[in-house]
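Data block below; observations after.
Readers should treat all values here as calculations from the given coordinates under stated rules, not as data from a laboratory. Quick caveat, the model's predicted, so the values are computed rather than measured. No Cβ is skipped: glycine too gets one built from the backbone with ideal geometry, and neighbour counts run over all protein chains shown.
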Amino acid sequence: MTTKGVAFTLLALSAACSRTRCGDAGPGTSGQLDASPRLGEVMSEIGRRFEIAGRAALAGRLELAEFEVGELEELFENDVPRAALPKEGPTAHVPAMAQAFLKGPVPELRQAAAKKDRAAFADAFRNAAAMCNACHQASAKGFIEVPSVPGKIVPSLDPAP
């Protein structure tokens, strides 16, 4: 490829990136994709991390559980506040409940995992699940149930009563 060809290719890639997610132009930039994740996407990641933390604790792998709790903390600190809220159902309570989750269940889970205390982790897990389920109820999404017992799939796929 000639020098002009390389230069043209680099210019074309640069222009393409300016119209897509290649750069972090931020939300609302004309002609570019919105960089804000949807809350549902973030909640799916939270559910996955919560499930892994519970399964790790149940298996006695408390270091992994502690790592996953740290990932949960990052999601609640960084991604939930900038997530686009759903257009359907009530959502005004979400920011406050996310902050309350950061101040209550997250430190409890982290401390129990750090101390390698499975019983304390199970209690903190139960408290965290109750808070998740309360938020889902308040959001008219009560059908998204977070199990209160570590080791179960998140969301719960157990048969309905």
### Task
State which entries of 87/116; 115/141; 115/152 exceed 32 angstrom in Cα-Cα distance in the structure shown.
87/116; 115/141
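What number comes out for the charge environment of residue 113, summing +1 per Lys or Arg and -1 per Asp or Glu over other residues with Cβ under 14 Å away? Can you show the working numbers first?
Details: positive: 49, 55, 61, 110, 115, 116, 118; negative: 63, 66, 68, 71, 73, 108, 117, 123.
The answer is -1.
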### Exposure proxy ranking, count of Cβ atoms within 10 Å, fewest first, for 115, 152
115, 152
### Task
Return the aspartates and glutamates within reach of residue 103: Cα separation strictly under 14 angstrom, same-chain partners fewer than 8 residues apart disregarded; answer none if there are no such residues.
73, 74, 77
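Rounded, prolate or oblate, given the Cα gyration tensor of the range 39-143, with a/c below 1.5 counting as rounded?
Note, shape of the range 39-143 comes out prolate.
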### Task
Give the long-range amide H neighbours of residue 38: residues separated by 5 or more places, or on another chain, with amide H under 5 Å away, using H modelled in the peptide plane at 1.01 Å from N.
84
### Task
Calculate the spin-label point distance for residue 114 paired with residue 134, positioning each point 7 Å from the Cα along the beta-carbon direction, and give it in nanometres.
2.4 nm
